[in-house]
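The values are calculated or read from the model by the stated rules, or taken from the named source; none is laboratory data. Just so it is clear, the structure is predicted and the values come from calculations on it, not from any experiment. For neighbour counting, all protein chains shown are included, and Cβ atoms are generated from backbone atoms with ideal geometry for every residue, glycine included. Keep in mind that these areas ignore ligands, DNA and RNA; they rest on the heavy atoms of the full protein, side chains included. Shrake-Rupley method; radii C 1.70, N 1.55, O 1.52, S 1.80 Å.
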Amino acid sequence: MTEPLSREDVSHVAKLARLRLTEEELVRYTEQLGKILVHAQDLNSLDLAGVAPTAHPFGLVNVVRQDEVHPSIDPAAVLAEAPDAEDGRFAVPRIVGEAP
Amino acid sequence: MSLPNGWEMVIGLEVHTELKTKTKLFCGCANAFGSAPNTQVCPICLGLPGSLPVMNERAVELAMAIGFALNCTIQDSTFHRKNYFYPDMPKDYQISQYDVPINAHGYLTLPDGFRVSIERAHMEEDTGKTTHLGTSGRIHGADRSLVDYNRSGVPLVEIVSGPDIRTSQQARDYVAELRAILIAIGASDGRMEEGSLRVDANVSVRKADAPFGTRCEIKNLNSLRSLQRAIEYEALRQIEVLEDGGKIRQETRHWDEDRGETSTLRVKEEAEDYRYFREPDLVDLAPDQAWRDRVKAGLPRLPAERRGLIESLLGELSDAQRDAVATIVDQGLDEYVLGVADAKGDVSLALARTANEIAANVAGRTNLSVANFVATVAMEQLGQLSATQAKTVLGELLESGGDPAAIAKAKGFEQLSSDTLSVTVGELIEANPDEWQRFKDGDDKLAQFFIGLVMKATKGQANGKAVIAELQSRR
Amino acid sequence: MKTAQQIANDVRAGESALVAVEASLAAIKARNEELNVFLYVDEDGARTAAEAVDAKVRRGEDPGLLAGVPIALKDNMCTTGIPTTCSSKILEGWKPPYNATVVDMLAAQGAISMGKTNLDEFAMGSSTENSAFGPTRNPLDPTRVPGGSSGGSAAAVAAEMTPLSLGSDTGGSIRQPAALCGLVGVKPTYGLVSRYGLIAFASSLDQIGPFASTVTDAALLLEAISGHDPMDSTSLPEPAPSLVAHVNDGVAGKRIALVRELVEGADDAVVASVNRAVEVLKDAGATIVELSIPELHLGLSAYYLIAPAEASSNLARYDGVRFGNRIDGDDVTAMMEATRTAGFGAEVKRRIMLGTYALSAGYFDAYYGQALKVRTRMIEAFAAAYQQADMIIGATTPSVAFTFGSKTNDPMAMYLNDVFTIPTNLAGEAALSVPFGTGEADLPIGVQLLGPGRSEARLFAAARVLEIADGR
């Protein structure tokens, strides 16, 4: 955790996040994210052995709803906001590669 | 199928079942197959900004029921986001269970007693459906795709077996048994062709007792037949590669049912980086004892137990009868056979009529009460109806209901009186003295010869058993 | 300008709701061009809603707690058929097919929505300089920022365009602009207000809350929007608490902790205001204890891993497939990349990448996993403090409103603005900022009051004591 991230890391992360970076942005983000991550190393100043992570502020459990049908929204209204639609469906350019 | 040169298959199966709920996992849109595209969607299952998921109670209960049926530990569980971009995934992450699934460490026993371990059976949401436009209809070569989100957010349970399966037949038996269980407990309608039950097979090969080989995951297995064929093809393909000195690449492969072969779909270059983290929009599941007990108490008898019950009523049974038992349990027709058993009738006869006549028209069962079935079987057993007549009466009952005795009468299935039968048999013996002598000398096969003659003479109105009784009395 | 409470009383007494609505529209027209507060003004909708309130009054029906009160909504809350942008190009022009729960609750209580206010894109920022539609100016000094990310909602009340507004607070996005604009701003207990229809930034931290110019108005608005929502799994199960009734309860007998880490590093004038507030509360009968909570130092680091991590996932859905803007590409991946690259601003991209990195294989344990453990320690540390005190006092921000561009080139300097407000979000607890005294250039200073979950009534009562002492 002592090494801040490399330019390759930033490039990989941008790809995972579906963002394209210019060369200039790549340099800038590498520096800025590195600074933030160096600051984040203060988290290691606490002894956190055996501490449970908190993903959620309150311990609510079993929040469920009844299995009852509610009206869906008008399909015309759904597709009205679609960038592209055809035949009642959302249209996208060709898909390269299968879903995981 | 046995493999050449001491090779052995190692198979693990991942079965996704859609749950038979009224609504989706996280919203109140209908969970129904076959509606017009994008008519069962709302801000939640479309992943619109600001929308939030709320868990369907019935889906949790069905997931727990699956856990109980598969002898799993049902535990407090959490939900995670599996992050990846794909147009059929509206939020570009899937809500799924990751390190702490609702069900873990179970097993399923095959009809032959072989036990397959279940690693986990966890809850997750389904994706939308993509249609590829272009020449092939498949993803390759399409220039445009269309997405329908009706299926998006439908509740799924993914059941992951251990790598315990060693033959394609076992794989088939496993899925058949699992499907029977899911149908029996009302969790799934088990339709592989419609995709409500989806099977992926992880296949590798090894020499006996060697460490596991590199596995490939086979997708697009839309029937039990496809599953078995695909596994056999894939195992032989891998053996060929290995025997030629090659290496198996870990990849996902597509089964082509028409061509009867698998082909590369996606190579796993490195472990995908799904960036799993706890879903902050949902809270944990921690079903208390009362809730667990309630679900467990609601479980019906499972197929294995039901088969055992019927088989115990039959005593020794043939392979054909074993298959017949499996068929009627799969289709939930046990009550007919059990009804005949309760009435102290002929269970073997009841099994045959259920597995053949009723199973051929399952939809007609609403017209056929257990009492009427018991009565029809009794009439046949007592010789009041011939086998052919009994089948006709059952067919009529399944088609349009009614009273079996009245149908028999209306069809003119008046039973031959024993006097008439006796006269007919006597005449036929006189006309065929040589055959009669041989029968008297102990050639039992000739009984069939005389039955045939009696049937012909009585236009099928005689009962085979009554004919045999008459012949025996004169022997 | 009349307070929300006065307007609601007058409307219930028979004054037309149109009076307040027209005053609000006039105030918006007068300064919106200069200050860039509203991204969308719903003139027709406001007048129609006002007439409906009048009709209810005429029929003798209860017009609601907020009858005829104009209100401004931060533009990250969904409104049916009305553009909802999050101040991002990627959502420009998007009209949601549904209302956020709070929007429906406000309408049910007779409030009149005037329109949607500017914010830092997707609520990521502390100055409203990150909006794709230009910065909002501080009505008290237009050369300075109003704070952020709810800068538009703060400015709407500070410029007397509306007596009330709603913001959202993920790391201080209500309290910090409230402090910089001289308003009362509340970050309610996590789960007190429904998040359904609030466009998520960081789901485990986000909470909607009120801006008002008086403590009573803030309590009134929070009471109107609180309560269980079955559409939000993280919504607290109980009904709305009674808040307005307790505003004048005072602080006699209350134990208030001055926490060193919540004033450390603040400007002298800010520290002086906090110290003076402590004296006022003491004079009003509170017992003061001084405490140190060293874990608070780690809040910033934990926050800047947890919030971006959640955001990186929450913002994945802006992919050009179902809604919003699309930039075409040869295949679907190219289309998604082009859309997101053109649609998101620099700060949003920075946080998406930071969060993606923190969650990615190989770094999860070192960053995100560690941050979640610090969160646990933060909650435990607060719980220990609340054994000794009923509430905590500190500064809201280290300084008064700063000038445009002074922190935009250094993300870390900007993030430090949130150092006093972040811990409450991590703990899921309650806090508010109340104006108390002034600093540089006579600009307002905010004093922060913090309490455990569901302690809002107590915090309002203490804030009211300070408000009276400050001559309001």
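Just the residues that are assigned to a helix (DSSP H, G or I) and in contact (Cβ under 8 Å) with a residue 24 or more places away in the chain, please, taken from segment C:431-462.
C:GLU440, C:ALA441, C:GLU456, C:ALA457, C:ARG458, C:LEU459, C:PHE460, C:ALA461, C:ALA462, listed by residue number.
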**OP:** Could you grab me the full set of residues in segment C:61-120 that are assigned to a helix (DSSP H, G or I) and within 14 Å of another protein chain (Cβ to nearest Cβ)?
**Re:** C:LYS89, C:ILE90, C:LEU91, C:THR101, C:VAL102, C:VAL103, C:ASP104
Subject >> Complete set of residues in segment B:75-88 that are within 12 Å of chain C (Cβ to nearest Cβ) and touching a residue at least 60 places away in the same chain (Cβ under 8 Å) >> reply: B:PHE79, B:HIS80, B:ARG81, B:LYS82, B:ASN83, B:TYR84, B:PRO87, B:ASP88
**OP:** Would you be able to say whether some residue in segment C:184-207 is open to solvent by 10 Å² or more (accessible area, probe 1.4 Å) and within 25 Å of C:THR143 (Cα to Cα)?
**Re:** no
Original post:
Do you know which residues across segment B:12-23 are in contact with a Pro (Cβ under 7 Å, 6 or more places away or on another chain) and either of a type in the set (A, V, I, L, M) or in a loop (DSSP other than H, G, I, E, B) (or both)?
Top reply: B:LEU19, B:THR21
**OP:** Residues being free of Cβ contacts under 8 Å to residues at least 12 places away in the same chain and open to solvent by 30 Å² or more (accessible area, probe 1.4 Å): count how many of those fall in segment B:1-31.
**Re:** 1
**OP:** Considering each residue of segment C:344-359, count those that are away from chain B (no Cβ under 14 Å) and not in a helix (DSSP H, G or I), and give that number.
**Re:** 1
Original post:
Say we look at segment C:366-377 and pick out the residues that are under 17 Å from A:PRO4 (Cβ atoms) and not aromatic (Phe, Trp, Tyr); which of these is farthest from the other protein chains (Cβ to nearest Cβ)?
Top reply: C:ALA371
Original post:
Can you tell me which of B:ASN5, B:ASN71 is touching a Gly at 6+ places or on another chain (Cβ under 6 Å), on the phi > 0 side of the Ramachandran plot and either more than 12 Å from every other protein chain (Cβ to nearest Cβ) or hydroxyl-bearing (Ser, Thr, Tyr) (or both)?
Top reply: B:ASN71
Subject >> Odd one out for B:SER196 among (1) within 14 Å of chain A (Cβ to nearest Cβ); (2) open to solvent by less than 40 Å² (accessible area, probe 1.4 Å); (3) modelled with pLDDT under 95 >> reply: (1)
Original post:
Does segment C:90-99 contain any residue that is at pLDDT 95 or above, polar (S, T, N, Q) and more than 23 Å from the chain's Cα centre (by Cα)?
Top reply: no
**OP:** Specify which of the listed residues (B:ASP273, B:ASP258) is open to solvent by 50 Å² or more (accessible area, probe 1.4 Å) and not in a helix (DSSP H, G or I).
**Re:** B:ASP258
Original post:
Taking segment B:142-183, which residues are modelled with pLDDT of 95 or more, more than 21 Å from B:ALA304 (Cβ to Cβ) and part of a loop (DSSP other than H, G, I, E, B)?
Top reply: B:TYR149, B:ASN150, B:ARG151, B:SER152, B:GLY153, B:VAL154, B:PRO163
Original post:
What number goes with the only condition from (1) within 12 Å of the chain's Cα centre (by Cα); (2) surrounded by fewer than 24 Cβ atoms within 10 Å (Cβ to Cβ) that C:PRO177 does not pass?
Top reply: (2)
**OP:** For residues that are open to solvent by less than 10 Å² (accessible area, probe 1.4 Å) and among the β-branched types (Val, Ile, Thr), tally how many sit in segment C:408-467.
**Re:** 6
Original post:
When residues of segment C:314-343 are filtered for being open to solvent by 10 Å² or more (accessible area, probe 1.4 Å), more than 12 Å from chain B (Cβ to nearest Cβ) and either among the polar types (S, T, N, Q) or under 25 Å from C:SER127 (Cβ atoms) (or both), how many remain?
Top reply: 3
Subject >> Residue in segment A:60-76 that is under 30 Å from C:PRO294 (Cβ atoms), part of a loop (DSSP other than H, G, I, E, B) and not charged (D, E, K, R) present >> reply: yes
Subject >> Sole exception among (1) within 10 Å of chain A (Cβ to nearest Cβ); (2) over 25 Å from C:GLY324 (Cα atoms); (3) surrounded by fewer than 19 Cβ atoms within 10 Å (Cβ to Cβ) for B:ASN56, by number >> reply: (3)
**OP:** Scan segment B:423-446 and give yes if some residue there is touching a Leu at 6+ places or on another chain (Cβ under 6 Å), under 30 Å from B:ASN361 (Cβ atoms), open to solvent by 30 Å² or more (accessible area, probe 1.4 Å) and outside the structural domain of B:ALA355 (by TED's automatic domain parsing), otherwise no.
**Re:** no
**OP:** Kindly list, by first and then second residue, each pair from a residue in segment B:327-353 that is within 17 Å of B:GLY364 (Cα to Cα) to a residue that is crowded, with 19+ Cβ neighbours inside 10 Å and among the basic types (Lys, Arg), limited to pairs with Cβ atoms under 6 Å and residues at least 6 apart or on different chains.
**Re:** B:VAL329/B:ARG306; B:VAL329/B:ARG307; B:ASP334/B:ARG306
**OP:** Output the number of residues of segment C:240-261 satisfying the condition of being over 19 Å from C:LEU281 (Cβ atoms) and not in a helix (DSSP H, G or I).
**Re:** 4
**OP:** Report, by residue number, each residue of segment A:43-75 that is more than 10 Å from chain C (Cβ to nearest Cβ) and open to solvent by 50 Å² or more (accessible area, probe 1.4 Å).
**Re:** A:GLY59, A:VAL61, A:GLU68, A:VAL69, A:HIS70, A:PRO71
Original post:
Which of the residues belonging to segment C:373-422 are part of a loop (DSSP other than H, G, I, E, B) and without any contact (Cβ under 8 Å) to a residue 60 or more places away in the chain?
Top reply: C:SER406, C:ASN409, C:ASP410
Subject >> Condition met for B:PRO101 (crowded, with 22+ Cβ neighbours inside 10 Å, within 12 Å of chain A (Cβ to nearest Cβ) and closer than 17 Å to B:LEU62 by Cβ) >> reply: no
Original post:
In segment B:292-327, how many are touching a strand residue (DSSP E or B) at 6+ places or on another chain (Cβ under 8 Å) and of a type in the set (D, E, K, R)?
Top reply: 1
Subject >> Matching option when the condition is among the polar types (S, T, N, Q), assigned by TED's automatic domain parsing to the domain that holds B:ARG353, part of a helix (DSSP H, G or I) and surrounded by 15 or more Cβ atoms within 10 Å (Cβ to Cβ), among B:GLN384, B:GLN389 >> reply: B:GLN389
Original post:
Would you call C:ASN314 touching a residue at least 60 places away in the same chain (Cβ under 8 Å) and either out of contact with any strand residue (DSSP E or B) (no Cβ under 8 Å at 6 or more places or on another chain) or assigned to a loop (DSSP other than H, G, I, E, B) (or both)?
Top reply: yes
Original post:
Can you find even one residue in segment A:21-29 that is in contact with a helix residue (DSSP H, G or I) (Cβ under 7 Å, 6 or more places away or on another chain) and within 9 Å of chain C (Cβ to nearest Cβ)?
Top reply: yes
